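Undergrad: One structure, as structure tokens, below. Some questions next.
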Amino acid sequence: MRKFGAFFILIILLIMVSGCNNTSSNISKITLEQKNLTVKVLDKNTHKKLESVFDKVKWEPKTQVSMSRKEDCRLEVTYKVHSKSEMVGYLIWFSKIGTAELVSSDQNESYGELDKVNTKTLKEITEMNK
């Protein structure tokens, strides 16, 4: 009986460790469109960076906006959620003061703003894939 208890505890610990060690990205595909150039971004580290940046966006769900100029770039991001793929389109405007505004095709996101630090990372991602 004692061996069974130790084995049970070992199984629980393994489950907990494997659950906490999930470093994979939910992003399965990124397509970047900028100045009439379309690029597929395949690098998994870039996927993780972009996911981290999108986690920092301050979204205003169900908001409709009208921008005065054409977007600086477009991203089509395919997310893998529960073995299904879901594509979300993003229009991105970079401002002169170092922030960014995003419009998402996802109703739960709609319009969002990004701070200077994360805008810099987003800009690096979009510029390194030209």
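Undergrad: Evaluate the relative contact order of the stretch 39-119 (contact order divided by residue number), counting alpha-carbon pairs under 8 angstrom at least 6 apart; express in whole percent.
TA: Relative contact order for the stretch 39-119 comes out at 30 percent.
Undergrad: Moving to a separate point now. Please turn the phi angles of the stretch 115-125 into ³J(HN,Hα) values with the Karplus equation 6.51 cos²θ - 1.76 cosθ + 1.60 (θ = phi - 60°), one per residue in order, whole Hz, x for glycine and proline.
TA: Those phi angles translate into 6, 5, 4, 6, 5, 4, 5, 4, 5, 4, 4 Hz.
Undergrad: At 7 Å along Cα-to-Cβ for each site, give me the label-to-label distance between Val81 and Glu51 in nm.
TA: In this crude spin-label approximation the distance works out to 1.4 nm.
Undergrad: When Lys and Arg each count +1 and Asp and Glu each count -1, what net charge do the other residues less than 12 Å away from Ser110, Cβ to Cβ, add up to?
TA: Working: positive: Lys58, Lys62; negative: Glu60, Glu101, Asp106, Glu109, Glu113.
Counting the neighbours of Ser110, the net charge comes to -3.
Undergrad: Grab the Cα-Cα distance for Asn108 and Lys29, subtract it from 0.36 nm times how many residues apart they are, and report the gain in nm with one decimal.
TA: Values: separation 79, 0.36 × 79 = 28.44 nm, distance 2.02 nm.
Going from the current span to full extension adds 26.4 nm.
Undergrad: Next question. Over 26 Å between C-alpha atoms is what I'm after, so list which of Lys62/Lys116; Lys29/Lys96; Lys35/Lys116 land there.
TA: As for pairs spanning more than 26 Å Cα to Cα, those are Lys29/Lys96.
Undergrad: Continuing with this model, one more query. Take peptides 54-61, 32-39, 82-89 and line them up by average Cβ neighbours within 10 Å, highest first, as a rough protection proxy.
TA: Per-residue mean Cβ counts within 10 Å order the peptides as 54-61, 32-39, 82-89.
No lab work stands behind these numbers, since they all come straight from the coordinates. Quantities reported herein were computed from a predicted structural model and do not represent experimental measurements. Every residue, glycine among them, receives a Cβ derived from its backbone with ideal geometry; neighbour counts consider all protein chains shown.
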